[in-house]
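The values are calculated or read from the model by the stated rules, or taken from the named source; none is laboratory data. As the structure is a prediction and not an experimental result, all values here were calculated from the model. Cβ atoms come from the backbone with ideal geometry, glycine included; neighbour counts cover every protein chain shown. Calculation scope for accessible area: heavy atoms of the full protein, side chains included, ligands and nucleic acids excluded. Shrake-Rupley method; radii C 1.70, N 1.55, O 1.52, S 1.80 Å.
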Amino acid sequence: MKKYIMLLSIIAISCSTSQIINYNRTGNVSEINSTKDTITLLSTYSAENENKAFEFAIRNAFENLLFKGIPDSSQNLPLISNENKAMKQSESYLNDLLKQKSYQKFIVESYIDSSNKMKNATLTAAVVKIDVDKLRRNLEENKVIEKFGI
Amino acid sequence: MMRLIILLLITVSMSMNIFAQEADKIAQPTIMVIPFSKKHISPRMEYERNEMVRIAITKVKEGFDARGVNTIDFMSRVKQLSVNDALENDQANSLKDEVIGNSGADIYIEVEASKNAGNSGNNVNVILTAYDAFSGESLANKTSSSPTMYTDNFEKLTEKAIEKELDNLLATIQEKFNLIRENGRTVVLTVGVSEDADFDLDAETDDGDFLSDYIETIVEEFAFKNSYHVQGITSNKIIFDLVKIPLKTEKGRNYRVSRFASLISRELKNLGYEVNRTIVGNKIVITIQ
C-alpha cells in the first residue's frame, strides 16, 4: 500500500511541476513611443506563469535601456556605456535597482499587453513607460554614470 | 584671537584649494545652437528669415537646458559683435566664425529644419550637427522627422522631431568625449621658418638630423600616446593636422594647449633657435626665427 502511495505521489509531483525558468537578458525590447522625459517600451518574455513573465519582461526592458540601448528609438545608445565597469564599481546600486526591483520607482505606467500560454511557459508582452530623465539623474547622483561633459 | 584668525585663514585657503581641485575634475561644456546657413548666407539672416529654424533652435536649446547643459544664446552673441548685418558674401562666412570664436562655446550645433506639407499630412525634418568649436571636428549628427499629421502646428511637429533624437545626439557627443578622454584632444600644429631666416627645415641639427625630422621626433615624444599625423612638409613649413594632447597633466590639472606649445618651443630653443608662437583655440603656429 505504501509503495502505491509513494508511486502515485511521485507521478503527481512530476505532472504538476513545470520547469523553472531563470531570468536571462534578451533583446526583445522595442520602443512604442517617447516624449521629452519618458520612453514607452514593449518587452516580451516567457516564464512559468504570467506574473513572473511580466516581471522578467519589465526587468529586461530596464536592462536593455541601461546596458544595450533600444535600436531605432530615442535611446539607441545605452545609459551606461560600460556594463562591466559599472557592475564592478556600482554593484550594490545595480543589484538593488535590477534584482531588488527598485526600478519600480522609475515606472510611470506598466501593463500586460498580451499573454499566451504555451506548453511549459507563458509568453507575456509587457508595456512599460519609464521616466528616463529621472532614471538618468538617479544614475548620475549615485555616480554610476557621469554628468554630460568631459 | 590671533590664533583663531590664523586658523580661520588656513581653513578657508584649504577649502578653496579643495574646491579648485574639484572644479578641475568637472568640465561641463557650453553649447551654442546656431542655424545652418549655406555659403554666402549669414547665419543671422537664416535665423531671421526662417521661422522653422528659429523654432528648432529654441527647442534644441530648451532640451539642453532641461538636461542641465550650459547653453549660450546665439542671437545675443551676434548682437554683441560690432559687425554690420551680413549681406555681403565675405562678411557672411566670417560672421559665423566670429560668433563661434567669440562666444566661449565649447561645442556648437548647427540646426537645419524644413517642413513638408502634403495630402497625407504635414511633417517636419530636422538635421542636427554638433562640432567641437576649437577644432571644427564633427562630434555627432542626427536627422529626424516628426510624425506626419493633419496639423498646421509646425512648432509641435518640430518639437516632436527634435525630441526623438536629442538624447541620442547628447549620448553620441558623450561617446566622443569618452574617446577624447581615452585618446587625447586634437590640436593642429604648424611649425614654420620665418621669411627672414637664412635657413630652412632642411638645416641640420648637431646630431645630423634634418630640422624637419627633429621637429617630428619631438612632436612624437610629447604627443599623447605618441599619436600625430603629418599633413605635409615643405622646405620651410611642416603641418601636423592632428596631434593628440592629454586632457589632464600628471597632477590632474587641465592640460592646456599652451603647455604643449611651450614644450615644442623649448626643444627648439635648446637647439639655439629663437621661436615665436601663436595659439588660437586648438591651433598652434610656431615660427622659428
If you roll a 1.4 Å probe over chain A with all protein chains in place, what percent of the accessible area is carbon or sulfur? 49 percent
Give me the net charge for the shell around B:Phe74: Cβ to Cβ below 9 angstrom, other residues only, Lys and Arg +1, Asp and Glu -1. +2
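If you roll a 1.4 Å probe over the heavy atoms of the protein chains, what accessible area per residue do you get for chain B, in Å²?
Details: 15880 Å² over 289 residues.
Value returned for chain B: 55 Å² of accessible area per residue.
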Other residues with Cβ under 15 Å from the Cβ of A:Asn120 give, with Lys and Arg +1 and Asp and Glu -1, a net charge of +1
Straight-distance crosslink candidates among aspartates and glutamates, where the alpha carbon sits under 19 Å from A:Lys117 and sequence neighbours closer than 8 are dropped: A:Glu48, A:Glu50, A:Glu55
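What accessible area, summed over both chains, is buried at the A-B interface (1.4 Å probe, Å², nearest 100)?
On the way: alone 9840 and 16730 Å², together 24770 Å².
Interface between A and B: roughly 1800 Å².
Counting only heavy atoms of the protein chains, get the accessible area per residue of chain A (1.4 Å probe) and round it to a whole Å² value. Spell out each step's value before the answer.
Numbers: 8890 Å² over 150 residues.
Counting only protein heavy atoms, the per-residue value for chain A is 59 Å².
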So what is the relative contact order for segment B:180-289, in percent, with contacts set as C-alpha pairs under 8 Å and at least six apart? 34 percent
Across all Cα atoms of the protein assembly as shown, Rg and the largest Cα-Cα distance (Dmax), in Å, are 29.5, 116
If you average the sequence gap of Cα pairs under 8 Å that are 6 or more apart and divide by the length of chain B, what percent do you get for the contact order? 14 percent
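So what's the net charge close to B:Leu128: Lys and Arg +1, Asp and Glu -1, counting the other residues with Cβ under 9 Å from its Cβ? Kindly include the intermediate steps, with their values, before the conclusion.
Details: positive: B:Lys142; negative: B:Glu110, B:Glu112, B:Glu165.
Taking every other residue near B:Leu128 into account, the sum is -2.
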Note on segment A:55-81: residues buried by at least 10 Å² of accessible area once partner chains are added (vs chain on its own, 1.4 Å probe) come out as A:Ser73, A:Ser74, A:Gln75, A:Asn76, A:Leu77, A:Ser81
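Going down the list A:Lys129/B:Lys115; B:Lys59/B:Lys176; B:Lys38/B:Lys142; A:Lys36/A:Lys147; A:Lys134/B:Lys164, which pairs span over 25 Å between their C-alpha atoms? All intermediate terms of the calculation are to be shown ahead of the outcome.
Values: A:Lys129/B:Lys115 30 Å; B:Lys59/B:Lys176 23 Å; B:Lys38/B:Lys142 18 Å; A:Lys36/A:Lys147 18 Å; A:Lys134/B:Lys164 18 Å.
Where the Cα-Cα span goes over 25 Å, the pairs concerned are A:Lys129/B:Lys115.
Only four residue types carry charge here, +1 at the Cβ of Lys and Arg and -1 at the Cβ of Asp and Glu. Report the dipole size of segment B:117-242 about the Cα centre in Debye, rounded to the nearest 20.
Details: 9 positive and 24 negative charges, 288 e Å.
So the magnitude is around 1380 debye.
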Over chain A, relative contact order from alpha-carbon pairs under 8 Å, at least 6 apart, %: 26 percent
